[in-house]
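Quick notes on the structure that follows.
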Amino acid sequence: MDKCSSELSIPSAPRDFGFYNNGSYVAAGTREIFTRSSPGHGVPVTRIPKCTVEDLDLAVDSARTAFDDRRWSGLNGQARAAVLLKAAALIRERSEEIAFFETLENGKPISQARAEVGGCADMFEYASGLARSLHGDSFNNLGDGMFGIVTREPVGVVGLITPWNFPFLILCERVPYILASGCTIVAKPSEVTSATTLILAEILTDAGLPDGCMNVVTGSGSSIGQALIEHPRVDMLSFTGSTAVGRRVVEAAGRTNFKKLGLELGGKNPQIVFADADLEDAADGVAFGIGFNTGQCCVSGSRLIVERSVADEFAQMLREKFSKVVVGDPLDEKTQIGAITTDAQNTTIMSYIEKGSAEGAELICGGEQLDFGRGQYIAPTLFGNVTGDMAIAREEIFGPVLTIMPFDTIEEAIEIANDTEYGLAASVWSKNIDKALTVMRQVQAGRFWVNTTLAGGPELPLGGFKQSGWGREAGMYGVEEYTQVKSVHIEIGKRTPWIE
Ligand code: NDP
């Protein structure tokens, strides 16, 4: 074992996982194996099978049978809630193990991973109540001869493709709500962060989820992921990831069975700071909004739009904040910014930093890779003199890179904020309620924060406007997303005859 600067140690050997189908593991056997090395240390930590298309068919069969024979959807809400509550308790019991693998595979700080796992247990607890309160509607205003009801029914088998930036959190923003609705699941995590999805499948079986309701296929997006989005016996697909792959999901659904889609895609999220804000609080929040999860976050506040009269002062405050952020070993409890999750992402971020300088933006601080002897780390980076046509102002970088653009009027701030193809999230910082609410109303974003950022929880829905996606996850909206409505007209008494 290799000791880190904290109490935690890198495992001496990678942990082996199998293919999770119909309530238990199938050993990897002769399947090809993907070995994941921790981005913070460069050490192998997990070995994951590359599932075949035949494995995918088996997983879809399991989910299909479990849905069609009503072993889950036919239970009452109380019984489904009991399973979700038990799963929450087991997540809490195994929280240290889950957080550890999340940090090893993703590179995020262990303190953050622990907090996320606690939030995930909370998602299950909240969704358990929704399993009991999900209901339809009735129309008692159709006249004496007619009564109308609208029922909600689970959509069926849901394919669930999740990314590597929040492998467990994004999974748990979906799974308990999907299960609360009565659907069954075939999940495909990102190949580089599969461990905690497999651990969740184990937990759900231990919690009493009937076999076949949660199955996990592992392997690369381009092979097994593509096969899942094209699968004709999958009724709905929930995809979280890049806008480019989101487009492929839409095309695949159109080409195959028109499966229902939920998409949470990219973002280029504005942070609007007015001169009348509590600037100290705003600087801390803006630094958190781009530093959290190394900026590898679809809702990262990556565009700072700041009132010109305080722009220089605010840039200096941010520079100071960035200089104090603790970047380093993800297993160290003091670390605030960990490693970049993949080599490809590391290359992408560095190429945007080069592009920013080449396009004439001013590099105020950061911009370099940090050398801790192993792993891949990038210093929080701040660019001034940014214009709206620069790539760093328009494209999702998905790294700790913040651009600054000044504004003079509220109209201009709103215009800059909306000058993007995305519409995932936005924040405003102001002590003037009129300004804050005007901006909230006019900025196009599915999530909005006033004098804070990245706040969340199981109650409020998640999702985007414009090219940031379709549909909503979490909250009651998230459960309803996995249902379809049926309208029922009921005749009371005798129909008016058609033929006399
Ligand atoms: P992708 O969109 O490629 O990956 C997201 C998920 O989709 C992963 O599980 C991936 O599997 C899977 N996938 C990839 N290709 C296909 C396919 N053809 N069919 C079905 N599933 C597929 O994102 P990247 O990992 O390439 O990251 C690229 C950029 O995307 C980032 O720089 C960032 O800008 C954005 N992104 C946004 C996220 C968000 O939360 N909105 C999350 C992740 C990325 P696998 O990883 O195994 O290939």
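Which ones in the stretch 334-375 are of a type in the set (S, T, N, Q) and open to solvent by 30 Å² or more (accessible area, probe 1.4 Å)?
Q336, T347, T348, S351, S357, Q369
Can you name the residue in the stretch 230-257 that is more than 17 Å from the chain's Cα centre (by Cα) and small (G, A, S) and is also nearest to the ligand (Cβ to nearest atom) among such residues? Don't jump to the end; show me each part of the working.
In the first step, residues of the stretch 230-257 are kept if they are more than 17 Å from the chain's Cα centre (by Cα); the result is 230-236, 247-248, 250-257.
Still in the list and also small (G, A, S): 252-254.
Numbers: A252: 7, A253: 12, G254: 14 Å.
Result: A252.
Please go through the stretch 53-75 and pick out each residue that is open to solvent by less than 50 Å² (accessible area, probe 1.4 Å) and either of a type in the set (S, T, N, Q) or touching a Pro at 6+ places or on another chain (Cβ under 7 Å) (or both).
Answer for the stretch 53-75, where residues must be open to solvent by less than 50 Å² (accessible area, probe 1.4 Å) and either of a type in the set (S, T, N, Q) or touching a Pro at 6+ places or on another chain (Cβ under 7 Å) (or both): S62, A66, W72, S73.
Conditions: (1) in the same structural domain as G295 (by TED's automatic domain parsing); (2) away from the ligand (no atom under 16 Å from the Cβ). A391 meets all but one. Number of the miss?
So A391 meets the others, but not (2).
Could you list, in sequence order, all residues of the stretch 189-219 that are within 16 Å of the ligand (Cβ to nearest atom), open to solvent by 10 Å² or more (accessible area, probe 1.4 Å) and not in a helix (DSSP H, G or I)?
Selection gives S190 alone.
Go through the residues of the stretch 294-313 one by one and say whether even a single one is within 16 Å of the ligand (Cβ to nearest atom), at positive phi and at pLDDT 95 or above. Spell out the reasoning first.
Of all residues in the stretch 294-313, those within 16 Å of the ligand (Cβ to nearest atom) come to 294-303.
This time we only want the ones that are at positive phi, so: 294-295.
In the following step, the residues that additionally are at pLDDT 95 or above were identified as 294-295.
Checked against the condition, which is being within 16 Å of the ligand (Cβ to nearest atom), at positive phi and at pLDDT 95 or above, the stretch 294-313 yields at least one hit.
Scan the stretch 220-229 and tell me whether some residue there is closer than 20 Å to N165 by Cα, near the ligand (Cβ under 7 Å from one of its atoms) and open to solvent by 60 Å² or more (accessible area, probe 1.4 Å).
yes
For residues that are open to solvent by less than 20 Å² (accessible area, probe 1.4 Å) and of a type in the set (G, A, S), scanning just the stretch 125-176, find the one that is nearest to F398 (Cα to Cα).
Once the filter is applied, the top-ranked residue is G159.
Look through the stretch 234-270, keep the residues that are surrounded by 16 or more Cβ atoms within 10 Å (Cβ to Cβ) and of a type in the set (D, E, K, R), and return whichever of them is nearest to C172 (Cα to Cα).
The selected residue is E264.
The values are calculated or read from the model by the stated rules, or taken from the named source; none is laboratory data. For clarity, every value in this text was computed on a predicted model and none was experimentally measured. Cβ coordinates were reconstructed from backbone atoms using ideal geometry, including for glycine residues, and neighbour counts include every protein chain displayed. Accessible surface areas use protein heavy atoms only, side chains included; no ligands, DNA or RNA. Shrake-Rupley method; radii C 1.70, N 1.55, O 1.52, S 1.80 Å.
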